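Chemist: The structure that follows is given in the form of structure tokens.
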Amino acid sequence: MIKKRHVVIGGGIAGICTALFLANKNESVLLVERGSSLGGLLKSDSPFDNEFHFDYGTHFIAQTGIKFLDDLLFKNLEVNQYNYLKVGSYYNNLFEGNGFVTDFHLPNREHLFNQISKVNRKVEINNLNDQLINSFGEGYTRELFDPILYKFFKLKSKDLKKDAHRLFGLQRIIASTKENSERLKEKNERYDDLLAYHSYTQGISSQKSMYPKKGGVGEWIHCLVQQLEDKGVEIMLNATVDNIDYNQNELKSINIDGKQFLLDQLYWTAPSVFIYPHFKLETKIFFPRLKSYIAHFVIDQDYLTPLYYFQCFDPEFSAFRITLYDNFSPPCHDKFRRITVEVLLEKEEEVEKDYNHKLFEELIRMKIISPSTNLVQETNLTIMNSFPILRNDISKDETQEDFLLNKYHNLHFFGKAYSKKWFMNEVIAEIYEKINA
């Protein structure tokens, strides 16, 4: 008799964790990924003769707060733990106190700050503009948020969905003085949701952030994949789902690259657009996505800042997020230092010639490196599907997923795309709890 399988579709971190949690319960698990490797964007690369490693963007690992789960996730992984992450932001000047956007560049900042306490809540919120005005007032919405949102999305707040700003950590701002912000945060929970501390040493989570001692964030994926293999999980790479066989209320089998597997449960962590054709469902309209241009630099001088990473909210600069590896992980070289610069582009947008050198000059203008710094090595890559553009004219219709879940008892949608959680560790904990419910 052919044994039924628990089949997981999608080899990103959600798929890896789903397969691991199932295998930990001694289930027979098949993990399927259409790409050539597991991990999704949690990858590390060594483009310069394996001497320097870089990540695909900024990726720290956070504990879930569940001891058994954390022991499982970080088994055999040597990490550095941080009581807090030294993060900052840039808008006209580099702010080294916290990663939220500041209002320091606004000439009327105290007036705008005082308006927060006078905001009248609207009954109905139809878009992000309504939400921001309702929370921060018209002045901050117009002078602070809209220029940033246009830099990232090429849209203003009135054209975006509620909560779209959270994708870039814009749910709070650093405003007024340290004392004023602390006073209001302690006074009312509403202010606590809108205002950030002026220092990354305040409001520290009990769940520690971590980063591998060697090899970058990809080392974590390597350790997880090793666990999958040790637990007997079958992994299929470069694989495509050909067909899903089902009856009235149950998924019976799945065909992958011409091979049939009987289904116990099917866990779908890939985009749902790829499952619809197998049920003859009309493909819904999906949010368009930005693409990420990622430049890796090796330089010959130390950084001028102790930050681990920071976000550039300033529309005058192309850079979005800058990672300064050697401030938080052991240097790969006693002389040279590593930097990754990430830029968000529209799908059809092309970069100009010598774009890396433009980004290098931006690092000098932002005073991240000195003008005498030399660029020793450079390379770049483009990730086509990055952040979703949460346009307000596109309806997020979840009825098709709901229809499938209600109809087929052994189908599950897991991962960030199907969760209301924002952070990776929260999504992982949610998957673990559902599997072990």
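Chemist: Whether any residue in the range 144-167 is touching a strand residue (DSSP E or B) at 6+ places or on another chain (Cβ under 7 Å), open to solvent by 50 Å² or more (accessible area, probe 1.4 Å) and closer than 16 Å to Leu128 by Cβ is what I want to check.
Modeler: Within the range 144-167, one or more residues are touching a strand residue (DSSP E or B) at 6+ places or on another chain (Cβ under 7 Å), open to solvent by 50 Å² or more (accessible area, probe 1.4 Å) and closer than 16 Å to Leu128 by Cβ.
Chemist: Only one of Asp192, Asp245, Asp230 is of a type in the set (Asp, Glu) and touching an Asp or Glu at 6+ places or on another chain (Cβ under 9 Å). Can you tell me which?
Modeler: Asp192
Chemist: Something else: For the range 323-338, what are the residues that are charged (D, E, K, R) and either closer than 14 Å to Ser44 by Cα or modelled with pLDDT of 95 or more (or both)?
Modeler: Listed by number, the residues that qualify are Asp326, Arg337, Arg338.
Chemist: Of the conditions (1) modelled with pLDDT of 95 or more; (2) surrounded by fewer than 14 Cβ atoms within 10 Å (Cβ to Cβ); (3) among the small types (Gly, Ala, Ser), Ser117 satisfies every one except a single condition; which number is it?
Modeler: Ser117 satisfies all of (1) modelled with pLDDT of 95 or more; (2) surrounded by fewer than 14 Cβ atoms within 10 Å (Cβ to Cβ); (3) among the small types (Gly, Ala, Ser) except (1).
Chemist: Any residue at all in the range 85-97 that is open to solvent by 30 Å² or more (accessible area, probe 1.4 Å) and either of a type in the set (Asp, Glu) or farther than 30 Å from Phe313 by Cβ (or both)?
Modeler: The answer is yes; a qualifying residue exists.
Chemist: Answer yes or no: is there a residue in the range 29-45 that is over 24 Å from Tyr267 (Cα atoms), of a type in the set (A, V, I, L, M, F, W, C), part of a loop (DSSP other than H, G, I, E, B) and touching a residue at least 12 places away in the same chain (Cβ under 8 Å).
Modeler: no
Chemist: Return a yes/no flag: does the range 299-307 have any residue that is in contact with a strand residue (DSSP E or B) (Cβ under 6 Å, 6 or more places away or on another chain), surrounded by fewer than 17 Cβ atoms within 10 Å (Cβ to Cβ) and farther than 26 Å from Met210 by Cβ.
Modeler: Among the residues of the range 299-307, at least one is in contact with a strand residue (DSSP E or B) (Cβ under 6 Å, 6 or more places away or on another chain), surrounded by fewer than 17 Cβ atoms within 10 Å (Cβ to Cβ) and farther than 26 Å from Met210 by Cβ, which makes the answer yes.
Each row is one residue, and each column tells you yes or no for (1) farther than 30 Å from Val298 by Cα; (2) in contact with a Gly (Cβ under 6 Å, 6 or more places away or on another chain); (3) aromatic (Phe, Trp, Tyr); (4) at pLDDT below 90.
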position: Lys367; (1), (2), (3), (4): no, no, no, no
position: Pro371; (1), (2), (3), (4): no, no, no, no
position: Thr379; (1), (2), (3), (4): no, no, no, no
position: Ser386; (1), (2), (3), (4): no, no, no, yes
position: Ile389; (1), (2), (3), (4): yes, no, no, yes
position: Tyr408; (1), (2), (3), (4): yes, no, yes, no
position: Leu411; (1), (2), (3), (4): yes, no, no, no
position: Ala417; (1), (2), (3), (4): yes, no, no, yes
position: Lys434; (1), (2), (3), (4): yes, no, no, no
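Chemist: Sticking with this structure for a sec: It is to be established whether one or more residues within the range 69-80 are open to solvent by less than 10 Å² (accessible area, probe 1.4 Å), under 27 Å from Gly216 (Cβ atoms) and touching a Leu at 6+ places or on another chain (Cβ under 9 Å).
Modeler: yes
Chemist: Filter the range 104-156 down to the residues that are of a type in the set (A, V, I, L, M, F, W, C) and within 22 Å of Ser181 (Cβ to Cβ) and list them by number.
Modeler: Across the range 104-156, the qualifying residues are Phe104, Leu106, Leu112, Phe113, Ile116, Val119, Leu132, Ile133, Phe136, Leu144, Phe145, Ile148.
Chemist: Let me ask something else about it. Can you confirm whether Pro277 is open to solvent by 10 Å² or more (accessible area, probe 1.4 Å), without any contact (Cβ under 8 Å) to a residue 12 or more places away in the chain and not charged (D, E, K, R)?
Modeler: Taking the combined requirement at face value, the residue satisfies it.
Chemist: Please verify whether Ile173 is among the aliphatic types (A, V, I, L, M), open to solvent by 30 Å² or more (accessible area, probe 1.4 Å) and either in contact with a strand residue (DSSP E or B) (Cβ under 8 Å, 6 or more places away or on another chain) or without any contact (Cβ under 8 Å) to a residue 60 or more places away in the chain (or both), treating the condition exactly as stated.
Modeler: For Ile173, the condition - among the aliphatic types (A, V, I, L, M), open to solvent by 30 Å² or more (accessible area, probe 1.4 Å) and either in contact with a strand residue (DSSP E or B) (Cβ under 8 Å, 6 or more places away or on another chain) or without any contact (Cβ under 8 Å) to a residue 60 or more places away in the chain (or both) - is not met.
Chemist: Here's a check for you: in the range 1-35, which residue that is among the small types (Gly, Ala, Ser) and out of contact with any strand residue (DSSP E or B) (no Cβ under 8 Å at 6 or more places or on another chain) is surrounded by the fewest Cβ atoms within 10 Å (Cβ to Cβ)?
Modeler: In this case the residue turns out to be Gly35.
Chemist: Looking only at the range 391-436, which residues are open to solvent by 40 Å² or more (accessible area, probe 1.4 Å), part of a loop (DSSP other than H, G, I, E, B) and over 30 Å from Lys67 (Cα atoms)?
Modeler: Correct list: Asn392, Asp393, Ser395, Lys396, Asp397, Glu398, His409.
Chemist: Hey, among the residues in the range 309-341 that are hydroxyl-bearing (Ser, Thr, Tyr) and open to solvent by less than 20 Å² (accessible area, probe 1.4 Å), which one's nearest to Glu96 (Cα to Cα)?
Modeler: Among residues in the range 309-341 that are hydroxyl-bearing (Ser, Thr, Tyr) and open to solvent by less than 20 Å² (accessible area, probe 1.4 Å), the one nearest to Glu96 (Cα to Cα) is Thr323.
Chemist: Separate question: Give just the number: which of (1) at pLDDT below 95; (2) among the acidic types (Asp, Glu); (3) touching a helix residue (DSSP H, G or I) at 6+ places or on another chain (Cβ under 9 Å) does Asp103 not satisfy?
Modeler: (1)
Chemist: For Asn129, work out the one condition from (1) out of contact with any helix residue (DSSP H, G or I) (no Cβ under 9 Å at 6 or more places or on another chain); (2) farther than 30 Å from Ser209 by Cα; (3) surrounded by 20 or more Cβ atoms within 10 Å (Cβ to Cβ); (4) not hydroxyl-bearing (Ser, Thr, Tyr) it doesn't fulfil.
Modeler: (1)
The values are calculated or read from the model by the stated rules, or taken from the named source; none is laboratory data. Model, not experiment: these values are computed from the prediction. Glycine gets a Cβ as well: all are built from the backbone with ideal geometry, and neighbour counts include every protein chain shown. Side chains are part of the model used for accessible areas, which takes the heavy atoms of the whole protein and leaves out ligands, DNA and RNA. Shrake-Rupley method; radii C 1.70, N 1.55, O 1.52, S 1.80 Å.
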